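Input: a single structure, listed below in structure tokens.
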Amino acid sequence: MSGGRLADPVEFEVGFVGEDGSEVRRRLVEVADVPFERVPAVRSFPSYRGQRNYPGLYWSACMSAHVEFESWLERDEAMALDFDASVVGFAAQPFWLWWPSTGRVRSHAPDFFARRRDGVGVVVDCRPADRIAARDAAAFAATAQACEWVGWDYRLVSGHDAVWLANVRWLAGYRHPRHLAEPVAQRLLDLFASPMPLMQAATRVGDPMAVLPVLFHLLWSQLLTVDMAVRLEATSIVEAGW
């Protein structure tokens, strides 16, 4: 490395699981078009008594499939990616990245790879700021450099705004398409052509017990919008989205 940057992008290699389940290893410059948002994880997510992290599965609405996570922060980021209207798919632990460092080869498996509607890939690592050691920081910096070379975006997630996250968690409970019930959904979309308090609109359409799940699904899908920076309440102003 020179000045903190690798001398040549061909020094990076990427390993992932191919369509036939075999391991594929290529140079970084050869993987720009690989659909990493749909590849299997390159390593397992162990679960054992006494472990400090919390692995599990998150059901993604945009993927109609489960995505693995191995910490609460990763679960929250999976949910954030699922909620992001610009994301069409994402996968956990999509590849190994190898690169030379101080006379030896280092490796890192990013936490997520997401694909945006515009086709751009996004690589995501999740780590609380107070748990980023020097070795981790070097791996994240190398990953960011690799992403720059191949044309992907990179971000390191250390947390989410608490109010925004609470709202997303609530709406995520209604992310499944079974909550898109007609004709209630269309009535809500028509009604919210003009901004209106959430509960006021729900009661105008019908029994709130039946209407609210549909309304929350439309908010999750962002066919309806609300200010996610403040707590979602009965008086929250909702309007039609994109």
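The values are calculated or read from the model by the stated rules, or taken from the named source; none is laboratory data. Model, not experiment: these values are computed from the prediction. Cβ atoms come from the backbone with ideal geometry, glycine included; neighbour counts cover every protein chain shown. Surface areas here come from the heavy atoms of the whole protein model, side chains and all, with no ligands, DNA or RNA. Shrake-Rupley method; radii C 1.70, N 1.55, O 1.52, S 1.80 Å.
Brief remarks on what is shown
- Of the residues making up the stretch 1-18, those that are modelled with pLDDT of 90 or more and either over 25 Å from the mean Cα position of the chain (by Cα) or not small (G, A, S) (or both) are F12, E13, V14, F16, V17.
- Of the candidates R131, R117, R135, the single residue that is surrounded by fewer than 13 Cβ atoms within 10 Å (Cβ to Cβ), at pLDDT 95 or above and not acidic (D, E) is R117.
- Subset of the stretch 158-184 [crowded, with 16+ Cβ neighbours inside 10 Å and over 22 Å from M79 (Cβ atoms)]: V184
- Top-ranked residue of the stretch 200-238 - restricted to ones that are hydrophobic (A, V, I, L, M, F, W, C) and open to solvent by 40 Å² or more (accessible area, probe 1.4 Å), ranked as nearest to R175 (Cα to Cα): L223
- Selection from the stretch 102-111 of residues that are surrounded by 14 or more Cβ atoms within 10 Å (Cβ to Cβ) and part of a strand (DSSP E or B): R106, H108
- The residue pairs whose first member lies in the stretch 171-198 and is closer than 15 Å to F216 by Cβ, whose second member is among the hydroxyl-bearing types (S, T, Y) and open to solvent by less than 40 Å² (accessible area, probe 1.4 Å), and whose beta carbons are closer than 6 Å, counting only pairs six or more residues apart or on different chains, are L198/S236.
- Residue satisfying condition, being modelled with pLDDT of 90 or more, over 11 Å from the mean Cα position of the chain (by Cα) and small (G, A, S), within set S60, S71, S47: S71
- Any hit, the stretch 79-98, residues being part of a strand (DSSP E or B), open to solvent by 10 Å² or more (accessible area, probe 1.4 Å), free of Cβ contacts under 8 Å to residues at least 12 places away in the same chain and more than 18 Å from H217 (Cα to Cα): no
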